[in-house]
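Values quoted throughout were computed directly from the atomic coordinates according to the rules given, and no laboratory measurement underlies them. Computed from a prediction, not measured in an experiment: that's the story for all the values here. With ideal geometry, Cβ positions are generated from the backbone for all residues, glycine too; neighbour counts draw on all protein chains shown.
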Amino acid sequence: MLLDKRSPASIFLYGQPWFDRLGDTQRHALLDAVVLRKAGKGETLLHKGEPIDGWYGVLSGMAKLQTRGPDGKVSAFLGVPAGEWFGEGSVLRGGTWRYDVVALRDTTLIGMPLACFQELYRHDLQFNHYLIERLNLRLGQAMAVIESGRLRTPEERVAQYLSHLFWQGMRKINLSQEDLGHLAGLSRQTINRVLKQFESQGWVSLEFGRVDILDQPALDALATPADPGHEEPNDTERLPSTTGPQP
């Protein structure tokens with residue numbers, strides 16, 4: 001049965017830049033084909049090792065992508081808010097999921113079946129343009145995570161995980177300090193110290209299980225590494241040469 005255009009799933013799809021460019025038949029077929037997965041806070045929506053059966057987005061709520069080591073230690077590497085797709089690289093590769101997708105609060109996923117994804121991937125230019133943009137975003141996030149773990153201070157790492165790079169357009173991030181610690185690879189105590197510091201500077205305000213962004217430019221500036229190719233001249237370089245004629 002065709003989904004009502006006022007349903008959350010229809011609103012989600014009609015909000016995609018490639019969806020409205022599809023023909024009526026394609027749009028109706030995709031609306032009929034999408035599936036929903038629901039889970040309560042802390043429950044797993046997609047399990048590591050499960051066959052990849054489609055491309056998923058967060059219809060409502062918020063999810064995190066994580067892995068668990070042999071010692072039980074959790075490493076979360078991406079938070080996904082409502083309105084965002086995830087896992088496009090995994091879907092293109094095929095096989096099984098290499099991570100768990102866990103609900104950070106009551107969450108509903110919308111899934112595009114694999115056959116629909118592959119059909120659009122093979123034949124629709126606008127869809128491919130969108131996929132390239134998503135993959136480029138994920139590459140930037142992955143590079144930031146690698147650099148963060150090797151070179152950045154705790155303050156820079158927390159700012160990074162509160163920046164536009166990971167939460168585009170969001171001013172209220174429903175994350176516990178423990179979840180933020182998993183994402184940033186820092187202890188809860190360190191996260192608490194840094195957030196309190198940011199709060200005292202007027203960059204964020206803290207509520208239970210939530211961080212409200214008050215000064216996004218300040219966080220983005222701290223999260224953005226300096227360009228190594230651009231160096232301010234030192235005092236000597238600012239002085240005019242005395243070996244030739246002076247104006």
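Could you give the length gained by full extension between E50 and D20, i.e. 0.36 nm per residue of separation minus their alpha carbon distance, to one decimal place?
Numbers: separation 30, 0.36 × 30 = 10.80 nm, distance 3.13 nm.
Taking 0.36 nm per residue and subtracting the Cα distance, the gain is 7.7 nm.
Pulled fully out, how much extra length does the chain show between S75 and D215, if you take 0.36 nm times their separation in residues and subtract their Cα-Cα distance?
Values: separation 140, 0.36 × 140 = 50.40 nm, distance 2.79 nm.
That pair, S75 and D215, stretches by 47.6 nm at full extension.
For region 154-223, just list the percent of Cα-Cα distances falling in each 5 Å bin from zero outward, please.
4, 20, 34, 31, 11, 0
Can you order the peptides 75-86, 98-109 by their average number of other Cβ atoms within 10 Å per residue, highest first?
Numbers: 75-86: 18.8, 98-109: 20.3.
So the peptides 75-86, 98-109, ranked by packing, come out 98-109, 75-86.
So how compact is region 8-146: Cα radius of gyration and Dmax in angstrom?
15.0, 51
Considering the zone a paramagnetic label at D106 would reach in this model (a point 7 Å from Cα along the Cα-to-Cβ line), which residues of region 5-43 have amide N under 18 Å from it?
Residues passing the 18 Å test: 8-9, 36-43.
Which of the peptides 154-163, 16-25 is most tightly packed, and how do the rest follow, going by the mean number of other Cβ atoms within 10 Å of each residue?
Details: 154-163: 23.0, 16-25: 12.7.
By packing density, highest mean first, the sequence is 154-163, 16-25.
Under the 0.36 nm per residue contour assumption, what length would be gained going from the current alpha-carbon distance of E43 and E178 to full extension?
Gain in length upon complete extension: 47.0 nm.
If you plug each phi of region 114-130 into the Karplus form 6.51 cos²θ - 1.76 cosθ + 1.60 with θ = phi - 60°, what whole-Hz ³J(HN,Hα) values come out, in order, with x for Gly and Pro?
Once θ is set to phi - 60°, the couplings for region 114-130 become 4, 4, 5, 4, 5, 5, 5, 4, 7, 10, 10, 5, 4, 5, 5, 4, 5 Hz.
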